[in-house]
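S.K.: Dumping the structure here so I can ask a few things about it.
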Amino acid sequence: MSIIHLDDLRKSYYLGKQVLPVLKGIELDIRKNEYVALMGPSGSGKSTLMNIIGCLDSPTSGTYILNGQDVSQMADDDLADVRNREIGFVFQQFNLLSGRTALENVALPLVYAGISRKDRNDRAMALLEKVGLADRSHHKPNELSGGQCQRVAIARALINDPAIILADEPTGNLDTKTSLEIMDIFGAIQAQGNTVVLVTHEEDIAKYAHRVVRLRDGVIENDQVNRAIHV
């Protein structure tokens, strides 16, 4: 069963009377526990597609079924609820709160879910251990390296046990060695049962995914199993 099903997905933007089509009939299925990289040059539509998959935006037309639920034309509040429940985000800029410790940053989504402080901290610490940062739990972002900040962001993305981890250029601000360490973490996350969708323009990063979907000019140009998987 597909965890993501896109059928004739289209997205256009409007500038006065001018229509700017960005996605032009995307057909895509991603199955549970797949590891997929979305690639494409600037202007290909990959960022728009990522925003729709992440329930940050809605398509102009077409169907998007996320984990069995049609989210294509949901109201913003309903979309936000699905997003918070189903998707964990990892961004290039980390998006951590500078005044909070690593533990507090990871636990933050659970505050809005009404989870007790003890349970929040226990779950957050378990995830920091999972990404190898238990000994940095009380450090703030300015006391951590870029790679450590991204590990905190990954732990935060996992805190609600989402169906999908959506990573947008997660190694864009990291050196090569740290990037590979972060990709190893994503590989471990996928191996433990999560679906991972990675948006990247870097071939060296995309090769870690099991499948690469390439976009150009708003359509899928190529969709193939990755033969260069690291094992």
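S.K.: Of all residues in region 113-129 being small (G, A, S) and over 23 Å from the mean Cα position of the chain (by Cα), which is modelled with the lowest pLDDT?
M.R.: Of everything passing the filter in region 113-129, G114 is modelled with the lowest pLDDT.
S.K.: Sticking with this one: Quick one: count up the residues across region 32-43 that are more than 16 Å from I87 (Cβ to Cβ) and surrounded by fewer than 22 Cβ atoms within 10 Å (Cβ to Cβ).
M.R.: Qualifying residue count for the region: 3.
S.K.: Would you be able to say whether some residue in region 193-210 is closer than 21 Å to V106 by Cβ and polar (S, T, N, Q)?
M.R.: Yes, there is a match, as at least one residue in region 193-210 is closer than 21 Å to V106 by Cβ and polar (S, T, N, Q).
S.K.: Suppose the filter is surrounded by fewer than 17 Cβ atoms within 10 Å (Cβ to Cβ), small (G, A, S) and touching a Lys or Arg at 6+ places or on another chain (Cβ under 6 Å); does S61 pass it?
M.R.: When the stated conditions are applied, S61 passes them.
S.K.: Residues of region 130-156 being among the charged types (D, E, K, R) and either within 21 Å of the chain's Cα centre (by Cα) or not in a helix (DSSP H, G or I) (or both), which ones?
M.R.: Passing the criteria: K130, K140, R151, R156.
S.K.: Have a look at L79, L110, L49 and point out the one that is modelled with pLDDT of 95 or more and either assigned to a helix (DSSP H, G or I) or in contact with a Gly (Cβ under 9 Å, 6 or more places away or on another chain) (or both).
M.R.: Matching residue, one of L79, L110, L49: L49.
S.K.: May I ask you to list pairs of residues, at least six apart or on different chains, whose Cβ atoms are under 7 Å apart, with the first in region 124-139 being basic (K, R) and the second being crowded, with 21+ Cβ neighbours inside 10 Å?
M.R.: K130/A155; R136/A102
S.K.: In region 52-76, what count of residues is obtained for those that are assigned to a strand (DSSP E or B) and β-branched (V, I, T)?
M.R.: Count: 2.
S.K.: While we're looking at this one, here's another question. Which members of region 44-58 meet the condition of being over 16 Å from K24 (Cβ atoms), crowded, with 21+ Cβ neighbours inside 10 Å and either touching a residue at least 40 places away in the same chain (Cβ under 8 Å) or of a type in the set (S, T, N, Q) (or both)?
M.R.: I53
S.K.: To continue, here is another question. Do you know which of the residues in region 98-111 that are free of Cβ contacts under 8 Å to residues at least 40 places away in the same chain and either aromatic (F, W, Y) or closer than 12 Å to H139 by Cα (or both) is surrounded by the fewest Cβ atoms within 10 Å (Cβ to Cβ)?
M.R.: E104
S.K.: Do you know which residues across region 13-23 are surrounded by fewer than 15 Cβ atoms within 10 Å (Cβ to Cβ) and in a strand (DSSP E or B)?
M.R.: Y13, Y14, L15, Q18, V19, L20, P21
S.K.: Return the only residue of N226, N160 being touching a Pro at 6+ places or on another chain (Cβ under 8 Å), at pLDDT below 95 and closer than 29 Å to G62 by Cα.
M.R.: When all the criteria are applied, what remains is N160.
The values are calculated or read from the model by the stated rules, or taken from the named source; none is laboratory data. Values in this document were obtained by computation on a predicted structure and should not be read as measured data. With ideal geometry, Cβ positions are generated from the backbone for all residues, glycine too; neighbour counts draw on all protein chains shown.
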